[in-house]
Amino acid sequence: MNPNLTRRRFIKGVIASGAAATTTGMWYAANGQDRPAGYVERLIRINVNGQMRSVDVAPQETLASTLRYKLGLTGTKLGCNRGECGACTVLVDDIATYACSVLTHSMKNGRIETVEGLESPNGDLHPVQQGFVEQLSPQCGYCTPGQVMAAVALLRVNPNPTREEAQLGLSGNICRCGSYDSYLDGVMRAAEIG
Amino acid sequence: MVATSHDVMPDIELYQPTDEANALDLANELGSDGWLLGGGQDTYGWLKDRNKTPAAMIELTQIDAWKGIKETADGIEIGAVTTITEIANNPLVQSRYSLLAEAASKVASPQIRNVGTLGGNLNQDARCWYYRRGLDCYRAGGNICYADSPEGLNREHSLFGASRCVAVSPSDTAPALVALEATMVVSSSSGQRLIPAQDYFIGPDRDIVHMTVLNDGEILTAVRIPNTWANAEFYFEKVADRNVWDFALVNVAAAIKVSGGVIEDIRLACGAVECVPRRLEAVENAIRGQQRSEEVASRAGEIAIEGARPLNYNHFKVPLMKNLVMRAVRG
Amino acid sequence: MAYMHIGKDFVPPDVPGKVTGRIKYAEDYTREGMVYARLLTSPIPHGRVLDIDASEALAMDGVYGILTADDVYPDGEPQSTGLKILTNEPTLVGEPILAVAAVDEKTAETAIASIAVTFERLPHVIDPLESLEEGGPDAYNGGNTFVFRQGFVQEKWTADQVASFRAGNEPSAEPPTELAYGDLDASFAEAAFVYENTFTTAGYPHMSMEPRSAMAYWEDGKLYLHGGSQSLTAFADGIAGIIGVAKEDLVFVNVATGGGFGQRARAGSVPVYGVPAKLSQKINRPVMMRVTREEEFTIGGARQGFQGWIKLGFKQDGTMSAADLWIVSDNGGKGGGGDAFSATNAVSIVYQAEAVRLRGVSIGSNTAHRGAQRGPGENQIAAIVSPILDKAADELGIDRLEIRKINTPQNGDVGGIQRQPFTSAYMPEALEQTAQLFDWEGRQSRRRQRNGSKVTGLGIGQGYHNAGRSGMDGIVMMGADGRLKIHNGVGNLGTYSYASTSRAAAEVLKMPWESCDIVTGRTDLHLPITSPQDGSNSIFTNTRTFWGAAQDMLAKMKEIAANELGGSPDDYDVSNERIHQIADESVGYSFAEVAQRAMELGGKYTGEAELPEDLAEWTQIAVSRLAGSGFMGVYHDPAHSGNPPGFTVTALEIELDTETGKIDIKDIVSVGECGTVMHPQGLKNQLVGGVVWGVGLSVLERHLYDPQNGLPASTGYWQSKVPTYLDTPLKIETGWVDLPDPENPVGARGIGEPTQGSVSAALNAAISDALGGHIFNAAPVTTDMIINHLAGTSEQATPLAQNNFRG
């Protein structure tokens, strides 16, 4: 998690006797059952593309799974489900993250952005999307949403990267079609469009 | 029969303690049934494959006390739950202990560095694919090693310290911390113990199932780096097949104090040649006090590989290790 | 030639959807009531299923049903090589045995884990040479190779024969396949330089980024199948037969596909789509079958590996006089492809050897099934031949570019084992253009220069693949709105050839691109048959069909106009979306008007009469459903003659670090020779993609199977070593020759595959160059191999080992 996050503890219910507890914890305690502190609530509200969404999320659920199956956001792809390809890259608090390799519950305090959230409300493409269109960066397109998000993360931190910096920034994204050169052209163009 | 393709997370409990005491209590209570979760980058693969089946995950990333990098009286302290990216980009680390920043920047891929933690990188399990596949080898509690066999695929395995198991230490930050003479801070609900980085990692001769000295209920909560090697000359190099994601075939971390061309003192460690980061004391002793030169660098390399016992397919690691040590000393 | 659309860049209609995430791949679809299916696959490399006890699974909450091989093949499984929909006789790890549908994947996995499958374990083999050796295990039931019309047979050599081959000698066994032309002995006798050695090239997986997941449901007797494919109508045509549904009752929905590279062009490569089809029929619910990355590895196909021997002879002037190849091809677990033939063909074509011979045998191994992979045969042999060519050049005192010019194919030449004439061949121009762009001459002074521990190597290489077919069908439609609807059966695998070839239709009618619609993506939009989108054929083949269909519409427009407005059809032409008299532009119809007239006239103008003979059945169904609904142009393309080639040339400079074995490509130029360039950005994408694939073949990718238990280690992207951003050059310079081919209406030919071959040829040559001419006779040449060579370290790798790449 980004240590620069404000210290928001996602605590529901009463803090009892110095130990953090959820309402669930209190319920179990009240019923004489052991429910150790820190147990997760399934029903959560998460910030996705600027909207608060209420979702029932199992403890073990990956962010990719929640996005694709519960929120209908299928732009984020599953290429390998093991953090080895980058097709599932999303942003959490501006940080490029493999959605397949993080739990939704780990990211629930963050600002989650997927490729679907990049266009402006009137449908204008984000500069990265526009740059990729102009340079014909995508080929089969399956890795494209991940490349787009990685490029967005890069340009937020480094709005005028060198080609080497762009290469490093996107290096966690595989393109089996081998469109790396065209993606880099797209990132450089996106930086120009600004 | 060995499991066929599993791919989704199984049912498992998740705890997100928000303070240290909670976390330590949970770790103590759950013991080996509780999986300590940092960034999770060496977790979800095991769980999806159903090759490890803990009852619960204890997520540590909500505990601010174990995050961040701060100056101390005699060095810096890095919370074990600090991300690799943060360490690689941190001004303190970059200016004084760039060896660690360099090593951190070579870990895996950017997205993995963004959520992966230092603790996770240090505690990561062996990458031997037989073990990862879920086969019943020694490390998995069985009684065979598939890699150390006449036909075993052992190109990425060890040169030293084989003792039934021939897996290697895969971490890039570990040899850097050994070279920086770091101290690991291990906490439990019964207190804290401090362990020199070099002694934190253990080989199969001591414990074939664990890669570190962490007992059940213990959590690596911080890493302290002393001033000893601050602003020394550093050398880090990782040679891997691909330049992203891949674990080192061999890596080298060196901290050197040079004055007037003389090697006043040096700490050298190699990763991926043994089950632990291999501190090259024999090399250090041989070249300490010597005038830095091609010959001294060469000799360092020769000494470094003494005692290497290659397996079928990893002979190349011998000249590679020799060359990397030579380059580290040469500067 | 000044064209309105040909040779110009444009934004293909699917691109915005790709960058916004709106475009859907198979896994992105949902349907009400949909359930999730996962596969139980074979955990062992070779066996027979004796019993399946799924009682616990079927009793589980949330489980909807199971599909087994017995369900699919009630009369018994087909006894042939090739993947089955499901099987009880697996010959590779990961072969699908049954599928379970459940409310979610977690439940499906848990259910599958509870199924007790009893296997009879059969002997397995990873290395084809082990199987060739008498007494060695056979990968299949009944033999280790499959002979057409004969069945499974055993092909065996003596232990000595195998040992001798591994030791580096020409195989002495009788080959089942032998093809030759010319006088080999005489040609070798003329050679001033002869090189002879054994060689090996690794098989490795396609690893398309989209796994072959599929979703299926039945509605009103029709099967709706959402899947990925390189092709569209060609695939649907085939999968209908595999599933056992009539062509007219199948709707295949495939708007975009996440890569294919040869293993998703034909239905025979993806029978697993039959699983959701049949399971959804059985349980009467839509079924989403998700295929995992590991499964995509095991059933997604791989390149054939070669264990071979090569002998090349060169005359004093550098001409390649003779090429003799003996190749043991790895057929994997389900039979393979024809890589050895294609490899030999390529050597014949690219180097115009005077005498050529291929002897070969294909042997099964219980590893990934093999089939076409980007330049199958052509590309892996390029990596082997190119360094030998350089050695010949050095020995004969000829420049390495020069020796390639001396041997180059050109216009008027024939090539290949069948001695086919090229439709055109501008390889000399491609060589020269590359040399200029790269400054080959100027860089020679840097050859083998040292820079600390690094040494510079230079390489230049050529690629080839046949790049065009014919005999397909085209349909264009126009409604009362006057818009041109191009009915496009070409698959969308990321090359944009579906879009660029459509532009040929617009070109004929001089139609502004904004007034055109490409009708594609699902077969219930009534699309004509095409050739499968493999073999680099699409640009050539489909430009012919779209051009022809538009010509048919144009002819009809002229006819209608002449009949109604006077004069003869030749007096008319098109411009500005009107059909008008050439002499007086005011006399004519707008396209909207002539389309309306056509619809009123009916008959042949609306596809209800006088259709071309020889339309494929698939096209006939499409035409019959469109008939009467609009103004139609329809066409059946006759056969072309000759071999339309796709050629590439690559030149590159590397630095090789002699202390670490690592390679860095400092500069690279790739040039395409594919006739008229239809779509420059599309071609550029194929060239840069070929660089990445070339890096993979040359230095990274290989199968990794454990010989002890036959399990695959390289099942994911990490272990498969698919090249990343940081393993490939920062900037690739590209160019193209752009000279027209006579067998295509706009002069275009295809290019997708050879873009890899020239890169591998150049890269392996450059590595040898940097190492003072040392030839590895292998692909990939990995970091450890380079270190071992430089250090003189020996290793215990078995010579010519296949699928067991040192771990």
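By counting other Cβ atoms within 10 Å of each Cβ, how are B:Y235, B:Y146, A:Y142 ranked from fewest to most?
B:Y235, B:Y146, A:Y142
Rounded to the nearest 20 Debye, what is the dipole magnitude of the protein assembly as shown about its Cα centre when Lys and Arg each give +1 and Asp and Glu each give -1 at the C-beta?
That gives a dipole near 2280 debye.
Quick one: what Rg and Dmax do you get for region A:42-117 from the alpha carbons, in Å?
Answer for region A:42-117, Rg first and Dmax second: 10.9, 30 Å.
Find out how many positive minus negative residues lie around C:T68, taking Lys and Arg as positive, Asp and Glu as negative, among other residues whose Cβ is under 12 Å from that of C:T68.
That sum, taken over residues with Cβ under 12 Å, equals -2.
How big, in percent, is the set of alpha carbon pairs in chain C lying more than 47 Å apart?
24 percent
In whole percent, what relative contact order does chain C give with Cα contacts below 8 Å and a gap of six or more residues? Provide the component values of the computation, followed by the final result.
Working: 2155 pairs, mean separation 127.2, N = 807.
Dividing the mean separation by the residue count of chain C yields 16 percent.
Let's see if you can work this out: charge +1 on each Lys and Arg Cβ, -1 on each Asp and Glu Cβ, no other charges. What is the dipole magnitude of region C:338-437 about its Cα centre, in debye to the nearest 20?
460 debye
With θ set to phi - 60°, apply the Karplus curve 6.51 cos²θ - 1.76 cosθ + 1.60 along region C:164-169 and write out the HN-Hα couplings as whole Hz, x wherever there is a Gly or Pro.
5, 4, 4, 6, x, 9
Dipole size in debye (nearest 20) for region C:481-584 around its Cα centre, Lys and Arg Cβ +1, Asp and Glu Cβ -1?
340 debye
Starting from the Cα of B:E281, step 7 Å along the direction of its Cβ; do the same at C:A639; then give the gap between the two resulting points in nm.
8.0 nm
Scale the Cα Rg of region C:612-739 by the rule-of-thumb value 2.2 N^0.38 Å and send over the ratio, two decimals.
Working it through for region C:612-739, the quotient is 1.64.
By counting other Cβ atoms within 10 Å of each Cβ, how are C:E593, C:E507 ranked from fewest to most? Kindly include the intermediate steps, with their values, before the conclusion.
Numbers: C:E593 16, C:E507 21.
Result, fewest neighbours first: C:E593, C:E507.
Put +1 on the Cβ of every Lys and Arg and -1 on every Asp and Glu Cβ in chain C; which of C:A265, C:G338, C:A598 then has its Cα farthest towards the positive end of the dipole?
Most positive-ward Cα: C:A265.
In whole Å, what is the distance between the alpha-carbon centres of region C:463-532 and region C:300-348?
Cα centres, region C:463-532 to region C:300-348: 36 Å.
So what's the Cα pair-distance distribution over region C:1-94, bin width 10 Å, in %?
Calculated over all Cα pairs of region C:1-94, the distribution is 11, 26, 22, 17, 14, 8, 2, 0 percent.
Using the basic label-point model (7 angstrom from Cα toward the beta carbon), what is the C:I283 to C:Y181 distance in nanometres?
5.5 nm
Tell me which lysines have Cα within less than 23 Å of C:K454's Cα, excluding those fewer than 8 residues away on the same chain?
Those lysines meeting the cut-off are B:K106, B:K238, B:K317, B:K322, C:K391, C:K662, C:K666, C:K731.
If contacts are Cα pairs under 8 angstrom and at least 6 residues apart, what is the relative contact order of region C:33-103 in percent?
Normalised by residue count, the contact order of region C:33-103 is 54 percent.
How much space per residue, in cubic angstrom, does the convex hull of the C-alpha atoms of region C:510-585 take up?
That works out to 122 Å³ per residue.
Could you check the simple spin-label distance between A:M52 and C:Q316, using points 7 Å along Cα→Cβ, in nm with one decimal?
Taking the simple label geometry, A:M52 and C:Q316 are separated by 9.0 nm.
Based on a Kirkwood Rh over C-alpha pairs, give the Stokes-Einstein translational diffusion coefficient of the protein assembly as shown at 25 °C and viscosity 0.890 mPa s in µm²/s.
Values: Rh = 32.4 Å.
Taking Rh from Cα pairs, D becomes 76 µm²/s.
Please compute the Kirkwood hydrodynamic radius of region B:192-331 from all pairs of different C-alpha atoms, in Å with one decimal.
Averaging 1/r across every pair of different Cα atoms and inverting gives 16.4 Å.
Roughly how many whole Å is it from the C-alpha centroid of region C:753-807 to that of region C:375-412?
18 Å
Stretched out fully, how many nm does the piece from C:A480 to C:K8 gain, at 0.36 nm a residue minus the Cα gap?
Working: separation 472, 0.36 × 472 = 169.92 nm, distance 2.86 nm.
Full extension of this stretch gives 167.1 nm more.
What does region B:1-49 give for Rg and for Dmax, in Å, if only its C-alpha atoms count?
13.2, 42
Would you be so kind as to identify which of C:A555, C:G628, C:T658 lies farthest towards the positive end of the dipole of region C:538-673, taking Lys and Arg as +1 and Asp and Glu as -1 on Cβ and the Cα centre as origin?
Of the options given, the answer is C:G628.
Would you kindly calculate the translational diffusion coefficient of region C:314-458, applying Stokes-Einstein with the Kirkwood radius from alpha carbon pairs, for 10 °C and a viscosity of 1.306 mPa s, and quote it in µm² s⁻¹ without decimals? Please list the in-between numbers first.
Values: Rh = 17.1 Å.
It diffuses with D of about 93 µm²/s by this estimate.
Would you list, by chain and number, the aspartates and glutamates whose Cα falls below 13 Å from the Cα of A:K70, excluding same-chain residues fewer than 8 positions away?
Cα-Cα hits under 13 Å: A:D56, A:E61, C:D28, C:D104.
Quick check on the exposure proxy: order C:E109, C:E134, B:E284, B:E20 from fewest to most C-beta atoms within 10 angstrom.
On the way: C:E109 26, C:E134 11, B:E284 21, B:E20 17.
With the fewest neighbours first, C:E109, C:E134, B:E284, B:E20 line up as C:E134, B:E20, B:E284, C:E109.
So, R0 is 56 Å and r is the distance between the beta-carbons of C:D614 and B:K257; what FRET efficiency does that work out to, to 0.05?
Plugging the Cβ-Cβ distance into 1/(1 + (r/R0)^6) gives 0.10.
Using the charge dipole of the protein assembly as shown (Lys, Arg: +1 at Cβ; Asp, Glu: -1 at Cβ; taken about the Cα centre), state which of B:I202, C:T110, B:C270 has its Cα farthest towards the positive end.
Farthest towards the positive end: B:I202.
From the alpha carbon gyration tensor of region C:126-205, can you work out the equivalent ellipsoid semi-axes (sqrt of 5 times each eigenvalue) and give them in Å, largest to smallest? If you can, show how the numbers build up before the last one.
Working: eigenvalues 160, 57, 34 Å².
Values for region C:126-205, descending: 28, 17, 13 Å.
If you stretched the chain out fully between C:R22 and C:Q150, how much longer would it get, using 0.36 nm times the residue separation minus the C-alpha to C-alpha distance?
Additional length available on full extension: 41.1 nm.
Compute the semi-axes of the equivalent ellipsoid of region B:95-237, taking the square root of 5 times each eigenvalue of the Cα gyration tensor, and list them largest first in whole Å. Can you show the working numbers first?
Numbers: eigenvalues 154, 72, 40 Å².
Whole-Å semi-axes of the equivalent ellipsoid: 28, 19, 14.
So if we plug the beta-carbon distance of C:D394 and C:L437 into 1/(1 + (r/R0)^6) with R0 = 25 Å, what FRET efficiency do we get, rounded to 0.05?
0.55
If you wrap a convex hull around the C-alpha atoms of region C:316-381 and split its volume per residue, what is the figure in Å³?
74 Å³
So, in Å, what gap is there between the alpha-carbon centers of region A:102-163 and region B:102-170?
34 Å
Calculate, for C:A59 and C:D220, the FRET efficiency according to 1/(1 + (r/R0)^6) with r their C-beta to C-beta distance and R0 25 Å; round to the nearest 0.05. Working shown, then result.
On the way: r = 33 Å, r/R0 = 1.31.
Approximately 0.15, to the nearest 0.05.
Hey, can you grab everything whose amide H is under 5 Å from the amide H of B:I144? Only 5+ residues off in sequence or another chain; H modelled, so Pro and N-termini drop out.
HN-HN under 5 Å from B:I144: B:Y138.
Ignoring everything except DSSP H segments at least 4 long, calculate the 222 nm mean residue ellipticity for the protein assembly as shown; use -39,500 (n - 2.57) per segment, divide by total residues, nearest 500.
Numbers: 42 runs with 387 residues, N = 1332.
Using -39500 (n - 2.57) per qualifying helix, the result is -8500 deg cm²/dmol.
Average the reciprocal distances over every distinct pair of alpha-carbons in chain B, invert the result, and give the Kirkwood radius in Å.
Values: mean 1/r = 0.0494 Å⁻¹.
Taking the inverse mean of 1/r over all distinct Cα pairs, chain B comes out at 20.2 Å.
Give me the percent of Cα-Cα pairs in region C:140-268 that sit more than 23 Å apart, rounded to a whole number.
Percent of Cα pairs beyond 23 Å in region C:140-268: 62.
Convex hull over the Cα atoms of region B:1-149, averaged projected area in nm²?
11.1 nm²
In Å and from the alpha-carbon atoms only, list the Rg and Dmax of region C:86-163.
Expressed in Å, the Cα Rg and Dmax of region C:86-163 come to 17.6, 57.
Share of Cα-Cα pairs in region A:127-193 beyond 18 Å, in percent?
19 percent
Report the residues of region C:663-683 in range of a label on C:W513: point 7 Å along Cα→C-beta, backbone N strictly under 19 Å from it.
C:676-683
If the cut-off is 13 Å between C-alpha atoms, which aspartates and glutamates fall inside it for C:K334, apart from same-chain ones fewer than 8 positions away?
Excluding near neighbours in sequence, the set is C:E89, C:E95, C:D138.
Contour minus end-to-end for C:E77 and C:L50, with contour as 0.36 nm per residue of separation and end-to-end as the Cα-Cα distance?
My answer for the length gained is 8.3 nm.
Quick note: the coordinates plus some simple rules give every number you see, no bench work behind them. Predicted, not measured: the structure shown is a model, and the values here were computed from it. Because the Cβ atoms are built from the backbone with ideal geometry, glycine has one as well, and the counts that use them run over all protein chains shown.
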